[in-house]
Each structure stands twice: as structure tokens, then as C-alpha cells.
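Input: a single structure, listed below in C-alpha cells.
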Amino acid sequence: MGKRTRAVFDFLEIYLLTFIFFLLIMSVAVEVLFRYAFNHPIPELFEISIYTFIWAIYLGAALAKRYDQHIRFDLLYVKLSGKAKLWIDILFDTLTSLVFLILLVPTIQYTVINYKIKASVLRIPWTYLLMCFPIFVILILIHNGMAILSNIRELRGQGVPEKEIPPWL
């Protein structure tokens with residue numbers, strides 16, 4: 001992966017996610033304080049916490065795929081040979097990519113159509129609030145494609161590409 005590509009992924013999946021997660025924690029903390037200490041709930045903060053939580057889920061899921069850190073049911077998987085694992089990874093990444101390719105166009109259309117609908121309190125167009133899902137789909141398609149190519153290279157004996165180390169390790 002080139003430096004520019006990595007910088008784009010880092011911006012979306014690390015820096016933007018960190019900022020969104022910070023907004024989530026702060027909005028929940030301030031909302032709890034105002035709701036229970038001062039008996040004065042702030043609806044804007046409640047809405048911010050909902051939307052930042054949704055964005056954090058989708059960007060975090062894309063980040064987990066980037067570093068192959070998703071939780072798996074792997075009781076049988078760990079007992080397989082290296083080649084069998086590669087074939088299973090290719091199969092599942094391909095199936096996931098096909099599903100997301102089918103979802104991509106309707107997702108983008110739905111996101112654009114919802115521009116006229118505004119959030120109830122913040123009055124932000126829903127397009128900005130829903131945009132996390134098309135971004136997630138595109139990121140997953142890219143990460144799956146890179147994983148499939150890497151696994152195919154490894155199956156052919158062309159060497160194992162160096163994997164990125166997750167920033168949390």
C-alpha cells in the first residue's frame with residue numbers, strides 16, 4: 001500500500017474515528033451530567049451521541065477488517081492447513097465483497113435521496129448522517145480486495161506481503 005493510500009485510510013479509519021469517538025464520549029458524559037445532575041436534558045447531545053455511535057461502529061468495523069481483527073468462530077478454522085485457511089479466507093472475502101457490491105449503488109442512492117430529510121433536533125440532512133454506511137461499504141470492498149490479492153499471491157508462492165501492524169498493538 002502506498003503512502004498516500006495509507007494516509008487516506010489512516011485519516012478515515014484512525015483519525016476521523018478517534019475524533020468521532022471523542023465526540024461520542026463527550027456528548028454522553030455531558031448529557032448524563034446535565035440530565036441527572038441539573039435535571040435539564042439537552043436533546044442535541046442525545047442526537048449527537050446516537051449519530052457518532054453509528055459512525056464509530058461502521059468506521060471501526062472497516063478498521064478491524066483492515067488489520068484482520070474481526071472476531072471469528074474459528075474452532076475448525078485453526079485446525080486447517082495454511083492453504084485451506086487461505087482458500088476459506090478468499091471464499092468468504094469474495095462472498096462478502098459480492099454482497100457489498102450489490103448493496104453499493106442502492107446505498108448511495110438512498111443516502112443521496114435522504115438529503116431533504118433533516119434530523120429532528122440538529123436539523124442536519126440525513127445524507128451526512130447516513131454517509132457512514134456507503135463509506136464503510138467502499139472501505140470493506142477495498143480491504144477485501146487487498147486481502148484476496150494477498151491471499152492469492154501467498155497461494156501461488158509469490159511471498160507473503162508484509163502486514164500492517166494495528167496501531168493498538
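Return the calculated 222 nm mean residue ellipticity for the chain, to the nearest 500 deg cm²/dmol, obtained by summing -39500 (n - 2.57) across DSSP H runs with n ≥ 4 and dividing by the residue count.
On the way: 6 runs with 110 residues, N = 169.
Here the helix-only value at 222 nm equals -22000 deg cm²/dmol.
Round to a whole angstrom and tell me the spacing of the C-alpha centers of the range 133-148 and the range 1-60. What the calculation gives is 22 Å, centre to centre. Just check the range 3-155 against the gyration tensor rule for me: Cα atoms, a ≥ b ≥ c as the square roots of the eigenvalues, rounded for a/c under 1.5, and otherwise prolate or oblate depending on whether a/b exceeds b/c. Prolate, since a/c reaches 1.5 and a/b exceeds b/c. Test of understanding: extend the Cα→C-beta vector of R6 to 7 Å, then name every residue of the range 151-169 with backbone N under 18 Å from that spot. So the set is 160-169. Between the helical axis of 132-155 and the longest alpha-carbon principal axis of the chain there is an angle of about 10 degrees.
Bear in mind that the values in this text are calculations on the coordinates, not laboratory data. Source: prediction; values computed, not measured. Here the Cβ is made from the backbone with ideal geometry for all residues, glycine too, and neighbour counts use every protein chain on show.
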